[in-house]
Amino acid sequence: MTILDGKRVAAAIRTELKQQVAELQSQGLRQPCLAVVIVGHNTASETYVNNKMKACEEVGFRAIKIAFENSITEQQLLTQIALLNQDKDIDGFIVQLPLPEHINESKVIQAIDYHKDVDGLHPYNVGLTALGLPSIVSATPRGIRELLARYQIPTEGKRVVVIGRSNIVGKPMAMLLMQKPYLSLSQTASTQLGDATVTLCHSKTQNLRDICREADIIIVAVGQPCLLTADMVKPDATIIDVGINRIEDPHAPKGYRLVGDVDFQNVSQIVKYITPVPGGVGPMTIASLLQNTMQVYKSNL
Ligand code: NDP
């Protein structure tokens, strides 16, 4: 069994980006700039945002955090988005999800200029991705694609099962892997990905176990610890665990620890490749956000 080490691959991507930023600056060009909007004090969201800020600083991007209290109105948030859309010094920005209930997430996402939508969530970018055209791809699926490519795990003709049909992970992931082959955006990976036979599963899927047992690659994005168990996988399968779940643990420094959606201890005994949680998809998502920002920056040169 090989661990797909997202932490290591993400570090390699950050090193590549850092070199690109240094080259840009040696040509007298400005740094790429990412802005992150956060509303309220959701602890997990604050951690994700801080990690994104830290990653930007590491690679030499300018990072701007714009924080609002929960009491912000939808209209005030939309006004802020309009300002970011117009700001020529900001290449891309994201609005950290989830938003408070009184704010319509879909309305907010649609207000973002799709050229600056580095989370790849705007309907225009999603549409381009669905059509197999160049687009800003949602960060988590892009990170998973990159991870598969860098470990040279082929997808052509493979049976892929994606569990979870969210707009940010499951749906775009399925769309990417079912496309006709495209070259990875990675500079180093040569593997062509796509051409998979994809099955998308969700809470109403029947016989999930039997469907998974046929799969060469399983991508789980549900948010339930131990959803994927050892009896659901075949030997030699590749398992990508997107889930992030907090489990109470009085022995852990923070009183909890993070686990994925996969019964890692038992599934890892059987399969060929598997991502750990933490240290798998999470760091790749942040690295992809940086890559998306660089992609937008370069398209504006
Ligand atoms: P959502 O929480 O939006 O949706 C969960 C999906 O799982 C739904 O499609 C739901 O089906 C499906 N589901 C629920 N129960 C089952 C079940 N028993 N069997 C099969 N499918 C089921 O998904 P997200 O993609 O937003 O998040 C999923 C997980 O991934 C979360 O733990 C989240 O924290 C994590 N995440 C991690 C990221 C990373 O960078 N590592 C990035 C984004 C998310 P239905 O549609 O029928 O309700």
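The values are calculated or read from the model by the stated rules, or taken from the named source; none is laboratory data. Quick caveat: nothing in here was measured; it's all calculated off a predicted structure. All Cβ positions, glycine included, derive from the backbone under ideal geometry; neighbour counts span all protein chains shown. Keep in mind that these areas ignore ligands, DNA and RNA; they rest on the heavy atoms of the full protein, side chains included. Shrake-Rupley method; radii C 1.70, N 1.55, O 1.52, S 1.80 Å.
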Can we say G260 is free of Cβ contacts under 8 Å to residues at least 60 places away in the same chain and either within 11 Å of the ligand (Cβ to nearest atom) or under 21 Å from P172 (Cα atoms) (or both)? yes
Restricting to region 195-224, and then to whatever is farther than 23 Å from Y151 by Cβ and part of a helix (DSSP H, G or I), can you tell me which residue is farthest from the chain's Cα centre (by Cα)? D210
Do we find that A252 is open to solvent by less than 10 Å² (accessible area, probe 1.4 Å) and either outside any helix (DSSP H, G or I) or within 14 Å of the ligand (Cβ to nearest atom) (or both) in this structure? no
Residue match in region 262-283 (condition: closer than 30 Å to D89 by Cβ and not in a strand (DSSP E or B)): yes
Being near the ligand (Cβ under 10 Å from one of its atoms) and within 19 Å of P141 (Cβ to Cβ) is the filter; apply it to region 199-211 and report the residue that is surrounded by the fewest Cβ atoms within 10 Å (Cβ to Cβ). H202
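If the requirement is being of a type outside the set (F, W, Y) and away from the ligand (no atom under 11 Å from the Cβ), which of these qualifies: A287, A196?
Criteria check complete, one pass: A196.
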Residue count, region 112-168, condition in a strand (DSSP E or B), surrounded by fewer than 24 Cβ atoms within 10 Å (Cβ to Cβ) and within 16 Å of the ligand (Cβ to nearest atom), comes to 1
Among residues belonging to region 225-257 that are closer than 21 Å to S45 by Cα and touching a residue at least 12 places away in the same chain (Cβ under 8 Å), point out the one that is nearest to the chain's Cα centre (by Cα). V242
Select from region 54-94 the residues that are within 16 Å of the ligand (Cβ to nearest atom) and assigned to a helix (DSSP H, G or I) and write down the one among them that is most open to solvent (accessible area, probe 1.4 Å). K54
